[in-house]
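Since every read-out is calculated from the coordinates, none of them should be taken as a lab result. Quantities reported herein were computed from a predicted structural model and do not represent experimental measurements. Every residue, glycine as well, gets a Cβ built from its backbone with ideal geometry; the counts of neighbours run over all protein chains shown.
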Amino acid sequence: MSNVKTKEQLQSKLDELMSQLITTEEASEKWELSQDHIKRLCSSGKIAACKRGKTWFILKDQPSPKQL
């Protein structure tokens, strides 16, 4: 039973973390910038993001790069 609880706790933690992240596609819509431009900003470190595989995960609550 405790193993199931642990899995549920881990899933809850993952859901919480993922709710704080957006993809380059979502950031593009949110900030009204092209997806390619968002990827360049991620690569250069101008916005807070991390890459897993081919996907960039961007912190949702940071200011628009237009404001920097």
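Table for the structure above
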{"quantity": "Farthest positive-ward along the chain dipole, Cα basis, beta-carbon charges - from Pro63, Ser12, Cys42", "calculated": "Cys42"}
{"quantity": "Theoretical FRET efficiency, 1/(1+(r/R0)^6), r = Cβ-Cβ of Glu29 and Cys50, R0 35 Å, to 0.05", "calculated": "0.95"}
{"quantity": "Placed amide H near Gln62: partners under 5 Å, 5+ positions off or other chain", "calculated": "none"}
{"quantity": "With 5 Å bins from 0: P(r) over region 6-53, alpha-carbon pairs, percent", "calculated": "5, 20, 23, 20, 13, 9, 7, 3, 0"}
{"quantity": "Which listed pairs, of Lys13/Lys66; Lys39/Lys60; Lys7/Lys30; Lys5/Lys54; Lys30/Lys66; Lys13/Lys60, have C-alpha distances above 23 Å, in listed order", "calculated": "Lys13/Lys66; Lys7/Lys30; Lys5/Lys54"}
{"quantity": "Modelled FRET efficiency - R0 25 Å, Gln67 with Leu10, Cβ distances, 0.05 increments", "calculated": "0.10"}
{"quantity": "Debye, to nearest 20: dipole size of the chain, +1 on Lys, Arg Cβ, -1 on Asp, Glu Cβ", "calculated": "320 debye"}
